[in-house]
Amino acid sequence: MYTPEQARLLSGITATAMAEELGVSVSTLRAKEQGLSDFTVREAKVFAEKTSIPAEDIDFLWTGRSRNRT
């Protein structure tokens, strides 16, 4: 299982290129990769397609930090 950032880096895709593919800013992509913002279903599908890594092998729910939900 890969984090989104690991999958992108493993695929050799820059943050700028992936952000363009997703139609978001680089800062938004970074927030999504760090678990500070969620990927939409469409973004997750495009991300997996562009990295050539199956979506089920990318942990799009990875938070990168502890979310304290009460």
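Filtered by the rule that a residue be touching a helix residue (DSSP H, G or I) at 6+ places or on another chain (Cβ under 9 Å) and hydroxyl-bearing (Ser, Thr, Tyr), region 41-60 gives a lone residue, THR51.
The residue pairs whose first member lies in region 28-42 and is without any contact (Cβ under 8 Å) to a residue 12 or more places away in the chain and surrounded by 15 or more Cβ atoms within 10 Å (Cβ to Cβ), whose second member is in a loop (DSSP other than H, G, I, E, B) and not β-branched (Val, Ile, Thr), and whose beta carbons are closer than 6 Å, counting only pairs six or more residues apart or on different chains, are ALA31/SER37.
Scoring THR14 on the criteria (1) without any contact (Cβ under 8 Å) to a residue 40 or more places away in the chain; (2) open to solvent by less than 50 Å² (accessible area, probe 1.4 Å) leaves a single failure, condition (2). If the condition is being aromatic (Phe, Trp, Tyr) and open to solvent by less than 50 Å² (accessible area, probe 1.4 Å), then region 43-67 contributes PHE47, PHE60. Number of residues in region 48-64 that are part of a loop (DSSP other than H, G, I, E, B) and among the acidic types (Asp, Glu): the value is 1.
The values are calculated or read from the model by the stated rules, or taken from the named source; none is laboratory data. No experiment lies behind these values; they were computed from the predicted model shown. Glycine also receives a Cβ, built like all others from the backbone with ideal geometry; neighbour counts cover every protein chain displayed. Accessible surface is based on the protein model in full, side chains and every heavy atom, while ligands, DNA and RNA are left aside. Shrake-Rupley method; radii C 1.70, N 1.55, O 1.52, S 1.80 Å.
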